[in-house]
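Colleague: For reference, the structure I am asking about is given below.
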Amino acid sequence: MSHRIVCALASVVSLVALTPAHAQDSVAQFYKGKELKLYIGSTPGGGYDSYGRLVARHIGDHIPGNPTIVPVNMPGAGSNRLAAYIYSVAPKDGTEFAIIFPGAVLDPLIGTQKVQDDPSKFNYIGSANVEVFTCFVRSDAPVQTFKDTMAKSVVLAASAAGGSTRDMPALENNLIGTKFHVVSGYPGSRQINLAIEQGEVQGACGIGLSSIEVQYPDWATSGKIRILAQETTKGDPELDAKGIPLTYSFAKSDEDRKVMELAYSQEVFGRPFVLPPGTPAERVAALRKAFIETLNDKAVREEAQKMRLDIAPISGEEVQTLVTKVYSFPQAIVEKTKQALIYKEP
């Protein structure tokens, strides 16, 4: 082998070996001195807002170049407004990212409203936890158990089609036979919970346990509310221990169970953080790494515990794989799920 070829091969090996370090340096140079926007697809004060602001306060310390992170609320249409912005309008350079509702990840696949984005093409940074939706009522509501809701009407507060607070009771009305009367139009979980607190409505479904604990930590312990069911295929250990049933267990057929499995799959995404399609790969990788480091940081965990936030981070790669799997469900199940999510008055 000639001396020239040996030297050329050595140069290539050296270049490959240095590429990760060079990529890291490149990311640091890009982010140094910059201001990044972290959009939150809900109104201030709710569970998603709390998770978004927690990450915004700390992730800059873990991103190469240590940029400043500014949280910005952009609620609307079950966070589909924000999803459309991130997909089509936000710069694709890694300077804007978002926390959206898991329902916005599924809505283009099984939702009832037209959207302008394709969530399968987002770059997923990660998810802050795996959420368990609950169905709960005030203690003075006319039902004592979830089974009672199949015989008696219950008035629930909800956001809009595409949001879990609207979609979950619609699903249960259509598949299980519950008699939920849904009042839509509340901007987010904070306003929904306030309506419950003030007696405007009798309860809500499709709200994560952590959202309740953040806003009204005394509700469950004081007996102000009664959790009727877990809207999931796998229960939360704490709620399981209290004997709170799964709505999934009330399904009437194997096909209905598959429909519920698809609808509830959004809970695995929990609190998904996303970047626009086309974001440079090295910046996606840097933000994914920073996200996991942030939520595994001891001080951040302690802060989250004080805020009553459940932290169980899922990597961006794992979330990306889960989204791909969901988008490969059989078309017949997808179509039936779409129909099951259309709300009809009981």
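Readers should treat all values here as calculations from the given coordinates under stated rules, not as data from a laboratory. Computed from a prediction, not measured in an experiment: that's the story for all the values here. With ideal geometry, Cβ positions are generated from the backbone for all residues, glycine too; neighbour counts draw on all protein chains shown.
Colleague: Between residue 125 and residues 5 or more places away or on another chain, which pairs have amide H atoms under 5 Å apart, with H built 1.01 Å from N, and which residues are they?
Modeller: 273, 274, 275
Colleague: With a cut-off of at most 14 other beta carbons within 10 Å, and DSSP calling the residue loop, which trypsin sites (Lys or Arg not before Pro) in the range 227-257 qualify? Please list them.
Modeller: 234, 242, 252
Colleague: Identify the GluC sites (Glu not before Pro) of the range 193-229 meeting these criteria: DSSP loop state and at most 15 other C-beta atoms within 10 Å of the C-beta.
Modeller: Answer by residue number: 200.
Colleague: Let's test the formula: R0 of 30 Å, r as the Cβ-Cβ distance of residue 253 and residue 324. What FRET efficiency results, to the nearest 0.05?
Modeller: Calculated transfer efficiency: 0.65.
Colleague: Stretched out fully, how many nm does the piece from residue 25 to residue 242 gain, at 0.36 nm a residue minus the Cα gap?
Modeller: 73.0 nm
Colleague: Which whole-angstrom value gives the distance between the alpha carbon centres of the range 71-112 and the range 134-213?
Modeller: Taking the Cα centre of the range 134-213 as reference, the centre of the range 71-112 is 24 Å away.
Colleague: While we're on this one: Skipping prolines and chain starts, which residues have an amide H placed within reach, meaning under 5 Å, of the one on residue 39, given they are 5 or more residues away or on another chain?
Modeller: 72, 97, 98, 99
Colleague: Report the Rg/Rh value for the range 127-193, based on alpha-carbon coordinates and the Kirkwood definition of Rh.
Modeller: Using only Cα positions, Rg/Rh for the range 127-193 is 0.97.
Colleague: Measuring from label point to label point, each 7 Å out along Cα→Cβ, what is the residue 145 to residue 339 span in nm?
Modeller: 3.1 nm
Colleague: How large is the translational diffusion coefficient of the range 138-265 in µm² per second when you combine the Kirkwood radius over alpha carbon pairs with Stokes-Einstein at 37 °C and 0.692 mPa s?
Modeller: D = 222 µm²/s.
Colleague: Please list, by residue number, everything in the range 74-115 whose backbone N is under 17 Å from a paramagnetic label point 7 Å out along Cα→Cβ of residue 331.
Modeller: Under 17 Å, as judged by backbone N against the label point of residue 331, lie 109-111 of the range 74-115.
Colleague: Where is the GNM fluctuation largest for the chain (alpha-carbon springs, 10 angstrom cutoff): 151, 77, 195?
Modeller: 151
Colleague: How far apart, in nm, are two points set 7 Å out from the Cα along the Cα-to-Cβ line at residue 32 and at residue 120?
Modeller: In this crude spin-label approximation the distance works out to 4.1 nm.
Colleague: If you don't mind, there's one more thing I want to ask. Which whole-Hz ³J(HN,Hα) couplings does the range 126-132 yield from phi under the Karplus relation 6.51 cos²θ - 1.76 cosθ + 1.60, θ = phi - 60°, glycine and proline marked x?
Modeller: Coupling constants for the range 126-132: x, 10, 6, 6, 9, 8, 10 Hz.
Colleague: Trypsin sites (Lys or Arg not before Pro), restricted to the range 125-183: which are DSSP loop and have at most 13 other Cβ atoms within 10 Å?
Modeller: Those satisfying the criteria are 152.
Colleague: Give me the percent of DSSP beta bridges within the chain that run antiparallel, rounded to the nearest 5.
Modeller: So the antiparallel bridges amount to about 55 percent of the total.
Colleague: Name the residue, out of 280, 237, 91, whose mean-square fluctuation peaks in a Gaussian network model built on the chain with Cα pairs under 10 Å.
Modeller: 237
Colleague: Once amide H atoms are built 1.01 Å from N in the peptide plane, which residues 5 or more positions from residue 207, or in another chain, come under 5 Å H to H?
Modeller: So residue 207 has HN proximity to 134.
Colleague: Taking the beta-carbon count within 10 Å as an exposure proxy, list 148, 25 from fewest neighbours to most.
Modeller: Ranked by crowding around the Cβ, least crowded first: 25, 148.
Colleague: Let me ask something else. Tell me which label goes with the value of semi-axes √(5λ) of the Cα gyration tensor in Å computed from the coordinates here: [x] 54, 28, 23; [y] 36, 20, 20; [z] 41, 22, 17.
Modeller: Evaluating semi-axes √(5λ) of the Cα gyration tensor in Å on these atoms matches [z].
Colleague: Sticking with this structure for a sec: HN-Hα J couplings of the range 25-32 from phi, Karplus 6.51/-1.76/1.60, θ = phi - 60°, integer Hz, Gly and Pro as x?
Modeller: Once rounded to whole Hz, the list reads 4, 5, 5, 4, 5, 5, 7, 4.
Colleague: By how many nm would the segment from residue 312 to residue 234 grow when fully extended, if each residue of separation counts as 0.36 nm and the alpha-carbon distance is taken off?
Modeller: 26.5 nm
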